Amino acid sequence: MPRSNPAPSPEVPGLATRRIAADIVDGVLRRRTPLDEQLGGRHAHPGLATLTDRDRALTRRLVATVLRRHGTLRHLLALCLDKGCPADAPRIETILMVGAAQILWLDVPDHAAVDLAVRLAQADKRGARYVGLVNAVLRRITRDGATMIADTDATTLDTPAWLMTRWTAHYGADEAHAIAAANGQEPALDLTVKDQPENWATRLHGRVLPTGSVRTLVHGPVSLLPGYDTGAWWVQDAAAAMPARFFGNLTNKRALDLCAAPGGKTAQLAQAGATVTAVDRSAARLKRLTENMTRLGLAATTVAGDALDLDAAQIGADYDAVLLDAPCSATGTIRRHPDIPYLKSDADIAKLTELQTRLLDRAVTLTRPGGTLIYCVCSLEHEEGEAQIAALLARNPGVTRRPLQPDEVAGHAAWISPDGDLRTLPHHLPAPPSGDTPDTDSRWGGLDGFFCARLTLL
């Protein structure tokens, strides 16, 4: 009688989550693949679809923690390994970082973190010989890890030198340190609501920020929150929600949103009563914008193509309001995108500033005389913000700055530069006293680093 093959043994609970987290960390650090691409869309890690919502959330949190604490983790491993991590088994370093992050910062039993790390090492062809090392290092971190890093400057360790050097040069040492510290904190979820912000803050267990956004803490899929299906709000950081408001009254005005996807600002312009044309070079991202606008019950004409190449017949001209949220280094969004420090470099910033200059000149040609052009970037870098506008004004006498006023930024005069531009930093808008919020979670504070200038065509 033939013997039947035994059924495959079920995988150890939690192992798939750690394996996928390690894969994604490797994708960022070794293959320079953006985190968002690995977490969603066509190129998402295929294993994520096999996980429960709870395990997907844990995977995201694991990856984000490793990236936010990358410098501290590598420093800790250097203290534990005289000869460093095995060069012939690069996966071991990733496995150790994922294990140590759980032990030091996540609510995971230490024994589970160690056991699952050992199993990951056993499953790696080149790493299996280092199982004993993984076990020994993580047990030491369980015992002594917190003490070993207690006196370190984690904020500096966790910020790549190229960024800390830039921020220190432009903002000073204290501000640079405060920026880096804020980037180490997980952010809350900010929403732009169509109306009744106090009502939505109550329903979503959040609070209304001085700028008008609603901030809440989320423990599950955003799509399951009240108001999502009915299009009552959309996700948008509080800083990112400000530039579109600086146009003022847009009722029956023609507005152009360049580099528009995923569409948060497009939705704001439409909600404010403008007739909106949204342009983006990515057809896939523009499709997402259209889907978002449909959910929100708002309308916009969409044009797929590079704003630098489209002619007047395709894109129109003489707009009352033009919004250019230009492609940038995105260093102001590291709180939400902790992979950015490992994907960008000084060389990228130089290329981006050249593109921004060309887009700004193009945006000027699309704005009618007397119309308003708003330029913004979610970057902390001087070249992409202040210097970009100074250069535009120097080469084009037909453009003038219309300075922002404190009442346009909820009275936060410190957010307005001496020239009258918006400059927010990640540590701005600190969390209120604990008695004013549902809890003392640090995520109630902070916002993205943003630059925005308001210009008028003469």
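The values are calculated or read from the model by the stated rules, or taken from the named source; none is laboratory data. Predicted, not measured: the structure shown is a model, and the values here were computed from it. Neighbour counts run over all protein chains shown; Cβ positions are idealised from the backbone, glycine included.
Structure notes:
- Of all residues in segment 141-174, those that are surrounded by 15 or more Cβ atoms within 10 Å (Cβ to Cβ), among the charged types (D, E, K, R) and either part of a helix (DSSP H, G or I) or touching a Leu at 6+ places or on another chain (Cβ under 6 Å) (or both) total 1.
- Pick from segment 91-140, criterion in contact with a helix residue (DSSP H, G or I) (Cβ under 8 Å, 6 or more places away or on another chain) and not in a helix (DSSP H, G or I), ranking: surrounded by the most Cβ atoms within 10 Å (Cβ to Cβ): 127
- Residue match in segment 351-366 (condition: in contact with a Phe, Trp or Tyr (Cβ under 8 Å, 6 or more places away or on another chain) and either over 27 Å from residue 457 (Cα atoms) or among the hydroxyl-bearing types (Ser, Thr, Tyr) (or both)): no
- If you go through segment 193-218 and pick out every residue that is outside any loop (DSSP other than H, G, I, E, B) and polar (S, T, N, Q), you end up with 3.
- Among the residues of segment 194-221, those identified as within 19 Å of the chain's Cα centre (by Cα) and exposed (fewer than 13 other Cβ atoms within 10 Å of the Cβ) are 219, 220, 221.
- Only listed residue being loosely packed, with under 14 Cβ neighbours inside 10 Å and in contact with a Pro (Cβ under 8 Å, 6 or more places away or on another chain), chosen from 370, 449, 411, 445: 411
- Residue in segment 267-275 that is in contact with a strand residue (DSSP E or B) (Cβ under 6 Å, 6 or more places away or on another chain), assigned to a strand (DSSP E or B), modelled with pLDDT of 95 or more and not assigned by TED's automatic domain parsing to the domain that holds residue 68 present: yes
- Selection over segment 244-263 of residues that are within 28 Å of residue 427 (Cα to Cα), surrounded by fewer than 24 Cβ atoms within 10 Å (Cβ to Cβ) and modelled with pLDDT of 95 or more gives a count of 5.
- Enumeration of residues in segment 175-187 that are assigned to a loop (DSSP other than H, G, I, E, B), crowded, with 17+ Cβ neighbours inside 10 Å and not polar (S, T, N, Q): 184, 187
For (1) surrounded by fewer than 19 Cβ atoms within 10 Å (Cβ to Cβ); (2) touching a residue at least 12 places away in the same chain (Cβ under 8 Å), each residue gets a yes or a no:
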site: 28; (1), (2): no, yes
site: 32; (1), (2): yes, yes
site: 36; (1), (2): yes, yes
site: 47; (1), (2): yes, yes
site: 52; (1), (2): yes, no
site: 58; (1), (2): no, yes
site: 63; (1), (2): no, yes
site: 71; (1), (2): no, yes
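- Within segment 73-90, if we keep just the residues that are outside any helix (DSSP H, G or I) and in contact (Cβ under 8 Å) with a residue 12 or more places away in the chain, the residue that is nearest to residue 152 (Cα to Cα) turns out to be 81.
- Residues of segment 322-371 satisfying the condition of being closer than 14 Å to residue 279 by Cα and among the aliphatic types (A, V, I, L, M): 322, 323, 324, 326, 359, 363, 366
- In segment 91-105, the residues that are without any contact (Cβ under 8 Å) to a residue 12 or more places away in the chain and under 11 Å from residue 76 (Cβ atoms) form no Cβ pair under 6 Å with any partner that is of a type in the set (S, T, N, Q) and in a helix (DSSP H, G or I), whether six or more places apart or across chains.
- Any hit, segment 44-60, residues being under 27 Å from the mean Cα position of the chain (by Cα), among the aliphatic types (A, V, I, L, M), assigned to a loop (DSSP other than H, G, I, E, B) and assigned by TED's automatic domain parsing to the domain that holds residue 135: yes
- Among the numbered conditions (1) touching a Cys at 6+ places or on another chain (Cβ under 8 Å); (2) outside any helix (DSSP H, G or I), the only one that residue 306 does not meet is (1).
- Test for residue 227: is it small (Gly, Ala, Ser), modelled with pLDDT of 95 or more, surrounded by fewer than 20 Cβ atoms within 10 Å (Cβ to Cβ) and part of a loop (DSSP other than H, G, I, E, B): yes
- Meets criteria (surrounded by fewer than 18 Cβ atoms within 10 Å (Cβ to Cβ), modelled with pLDDT under 95, closer than 18 Å to residue 186 by Cβ and acidic (Asp, Glu)) for residue 436: no
- Single residue of 347, 391 found to be touching a residue at least 12 places away in the same chain (Cβ under 8 Å) and either surrounded by fewer than 23 Cβ atoms within 10 Å (Cβ to Cβ) or not in a loop (DSSP other than H, G, I, E, B) (or both): 391
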